[in-house]
Amino acid sequence: MRKMVITLLAAVPALAQLPEFYRHVDRVFWVVDDIGRAVAGWQKVGILTARPDSEQTRDGRWSVARLGDVIVDFVQPLQQNSAFAAFREKHGQGVFALVHRVPTEASLDAEVARLKGLGVGLLADRRMDDGAGRYVLFDTEAPGKYVLGLIYAPPGEYTGSLAPPAALPNPTRVAQYAFVVRDLPAVSQFWARLGFPGMTFTHPAIWDQRYHGAPGDFDANLGWQKHGKVEYEWIQPTKGPTTYMNHMDKYGEGIHHIAFAVPDIQRAGVEWSKAGFPTVQSGAWGERDRPGYGRYAYQDTHVIGGAEVELLWNYRQ
């Protein structure tokens, strides 16, 4: 969804204080139950390209793909003593980490030291199997509701067989990463303490509410962060039934959906539904056919990833 009236959280650090690499999400680490099923499902809607075979790594089966304009690392845990397996045990499948790419290994070490100084521990610090790259996962999931990740790799994406396939000719743009939480101020304060932008808070008036094909009656408070060109939306549901509450009941707090901007939301919803991923919730904001008007629809893609897709449309004159 989009934001309406904004209330600023005072005295929070500016994003400019952070290293520049935090302005872009380089890739998503996504834990799945079955890589083959996940890849096949996303390919049905025509927005994913993937290498034909996954690779065996220390953490399990690993497949690198492009979902729209973002790189996705699908991980199917096979070992019990990894951060990926621990996440699946706690939450089931789902988006595990948002990963930022650092320019040098020295900058990676510097950021690890900075966050350690703020009391943030590590879940993993791993060399790629070919020895050329390295990724770090921070222990932020409990207070921050997702795992913060950093990756260093030589020029190119990854080296060797973990390199992703070529991008689609006209990739669908990721417009937003969205989370469901029970306490917006607490999550905002955690990230602000680490130097990330504090949230702005809104309570949007959503109309034309639909829930599983019937009229809906739901409500939520929202928090917003801006990371470069991509927004983070934080959702605290206050009234249901709603897909937000359903997600928290089944998977717990964390990433609820990834949003894609679409030019025709009705047509896109039909295409996703025909592919087997029906619309489960939708609504509108603003004044119809006026600047500020927009619509959203959530497509149920839990079976192939433990999260939903939001189709996001904004009125343009």
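So here's what we get for this one:
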{"read-out": "Condition met for Leu67 (within 16 Å of the chain's Cα centre (by Cα), of a type outside the set (S, T, N, Q) and modelled with pLDDT of 90 or more)", "value": "yes"}
{"read-out": "Search result, residues across the range 236-271 that are buried (at least 17 other Cβ atoms within 10 Å of the Cβ) and either part of a loop (DSSP other than H, G, I, E, B) or outside the structural domain of Ala214 (by TED's automatic domain parsing) (or both)", "value": "Thr242, Glu253, Val262"}
{"read-out": "Selected residue (criterion: farthest from the chain's Cα centre (by Cα)) from residues of the range 14-54 that are assigned to a helix (DSSP H, G or I) and among the hydrophobic types (A, V, I, L, M, F, W, C)", "value": "Ala16"}
{"read-out": "Counted residues, the range 130-155 - those being modelled with pLDDT under 95 and surrounded by fewer than 17 Cβ atoms within 10 Å (Cβ to Cβ)", "value": "5"}
{"read-out": "Selected residue (criterion: surrounded by the fewest Cβ atoms within 10 Å (Cβ to Cβ)) from residues of the range 41-58 that are polar (S, T, N, Q) and more than 16 Å from Gln299 (Cα to Cα)", "value": "Gln56"}
{"read-out": "Subset of the range 79-126 (residues that are in a loop (DSSP other than H, G, I, E, B) and either surrounded by 15 or more Cβ atoms within 10 Å (Cβ to Cβ) or outside the structural domain of Leu48 (by TED's automatic domain parsing) (or both))", "value": "Ser82, Gly92, Gln93, Val102, Val120"}
{"read-out": "Filter pass, Ala167 being exposed (fewer than 15 other Cβ atoms within 10 Å of the Cβ), over 18 Å from Gly283 (Cβ atoms) and of a type outside the set (Ser, Thr, Tyr)", "value": "yes"}
{"read-out": "Breaking point among (1) of a type outside the set (A, V, I, L, M); (2) buried (at least 23 other Cβ atoms within 10 Å of the Cβ); (3) not in a strand (DSSP E or B), for Ser63", "value": "(3)"}
{"read-out": "Residue tally, condition under 24 Å from Val309 (Cα atoms) and free of Cβ contacts under 8 Å to residues at least 12 places away in the same chain, over the range 155-188", "value": "2"}
{"read-out": "Checking Ala167 against (1) out of contact with any strand residue (DSSP E or B) (no Cβ under 7 Å at 6 or more places or on another chain); (2) part of a loop (DSSP other than H, G, I, E, B); (3) not assigned by TED's automatic domain parsing to the domain that holds Glu105, the condition it does not meet", "value": "(1)"}
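The values are calculated or read from the model by the stated rules, or taken from the named source; none is laboratory data. Values in this document were obtained by computation on a predicted structure and should not be read as measured data. Every residue, glycine among them, receives a Cβ derived from its backbone with ideal geometry; neighbour counts consider all protein chains shown.
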